[in-house]
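Accompanying notes for the structure given below.
The values are calculated or read from the model by the stated rules, or taken from the named source; none is laboratory data. The structure displayed is predicted, hence computed values, not measured ones. Cβ sites come from the backbone with ideal geometry, for glycine too, and all protein chains shown count toward neighbours.
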Amino acid sequence: MADDPELPAKEFGKEIKCAREAAGWSQQGLAAKLLCGQPYVSKVETGQQLASPQFAEQCDRVFGTPGTYARMRQRAADAGNPVWFIPYLELEREALRICDYSNAFVMGILQTPEYAEAVYRSARPQDSAVAIKKAVEDRMRRRDVLDGPNPPQLWVILHESVLWSGVGGRGAMREQLRHLLAASELPPVTLQVLPFSAEAPSRGVPFIVLTRQDGTDVLYEETYQRGQVDDAAEAVAEARGAYERLRADALAPTDSLTLIRYAMEAHTHEHHPRLPPRRVAEVQLQPGKRRQLRRMGPRIRALRRRPRPGQ
């Protein structure tokens, strides 16, 4: 079937099997040349698992096909995504810098499997469990860009509402925030939170500004039905300016991580005081210093009970 979500992996696996048999090698023999295990080769050939980028590169080396299997593997990885999203994925893999602003969900490259599954199930309720699983696996493979020899600088600004949402339930949110804290320790990753106190953000919709290897910027943003890449100078300049204002209004990275930890605790403990909008003043953001935020709503003076006679 053309819409079989496993088809791209199977097609790639068949090509590897044909090349192996043409060379007269067993699965064990190919595994030895690729420096991996025979079970892994078997899973790739049968399409049970899409090969890793490293596996494809090693295949190009042993079969003498520079770049052929690497490109074939990448096309297989992209096949599960909408056609309009593939240009962005290509930019993401080659970017020098990625600046993301998210006001509803954690950006895909930093999502956990449980969080991503919840997002897909909500957006695609008609999809089968197999299709959802494939979509989640495709999203998880986007992390490869951070594991390569020259990862892009990734700067992510999250609106505070993202931290308090219930995507996937309490457990999924807790692990998602824990994953964000772990990702922040990677050298190329910087996280900031735009707090409720910042009021109206400079842009009301999520967007990404990517810097290509030649130093030029491009804008990526999504509408209800699809996303688009825009390299028009005026649009890119406006987006870059908006991002700089968001960065200025956001909490400092260290303070942002403190708020993420607090939110994680709130999702961990049922009776942990969850911060309602604009009531973040009790979070210990820096040693010995509390961040004071403007209170919302009228101030109500506490009424003192007058002492009764004789008291």
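Observations on the model:
- Of the set (1) surrounded by fewer than 17 Cβ atoms within 10 Å (Cβ to Cβ); (2) of a type in the set (Lys, Arg); (3) in contact (Cβ under 8 Å) with a residue 24 or more places away in the chain, all apply to Arg174 but (1).
- Matching residues, the range 77-120, being buried (at least 18 other Cβ atoms within 10 Å of the Cβ), under 17 Å from Tyr224 (Cα atoms) and among the β-branched types (Val, Ile, Thr): Val119
- Test result for Glu160, surrounded by 18 or more Cβ atoms within 10 Å (Cβ to Cβ), over 27 Å from Glu94 (Cα atoms) and modelled with pLDDT of 95 or more: yes
- Every test in (1) closer than 30 Å to Gly241 by Cβ; (2) not assigned by TED's automatic domain parsing to the domain that holds Arg212 is passed by Gly108 save one, and that test is (2).
- Of all residues making up the range 56-75, the number that are in contact (Cβ under 8 Å) with a residue 60 or more places away in the chain and not in a helix (DSSP H, G or I): 0
- Among the residues of the range 235-270, those identified as out of contact with any Pro (no Cβ under 8 Å at 6 or more places or on another chain) and not in a helix (DSSP H, G or I) are Ala252, His269, Glu270.
- Scanning the range 1-53 for residues that are modelled with pLDDT under 85 and outside any loop (DSSP other than H, G, I, E, B) yields a count of 4.
- Scanning the range 195-232 for residues that are without any contact (Cβ under 8 Å) to a residue 40 or more places away in the chain and touching a strand residue (DSSP E or B) at 6+ places or on another chain (Cβ under 9 Å) yields a total of 7.
- When the criteria are applied in full, Ser102 meets the requirement of being in contact with a helix residue (DSSP H, G or I) (Cβ under 7 Å, 6 or more places away or on another chain) and of a type in the set (S, T, N, Q).
- Output for the range 6-55, where each listed residue is at positive phi and free of Cβ contacts under 8 Å to residues at least 24 places away in the same chain: Gly24, Leu35
- Every residue from the range 79-107 that is part of a helix (DSSP H, G or I) and either closer than 25 Å to Gly215 by Cβ or touching a Leu at 6+ places or on another chain (Cβ under 6 Å) (or both): Phe85, Ile86, Pro87, Tyr88, Leu89, Glu90, Leu91, Glu92, Arg93, Glu94
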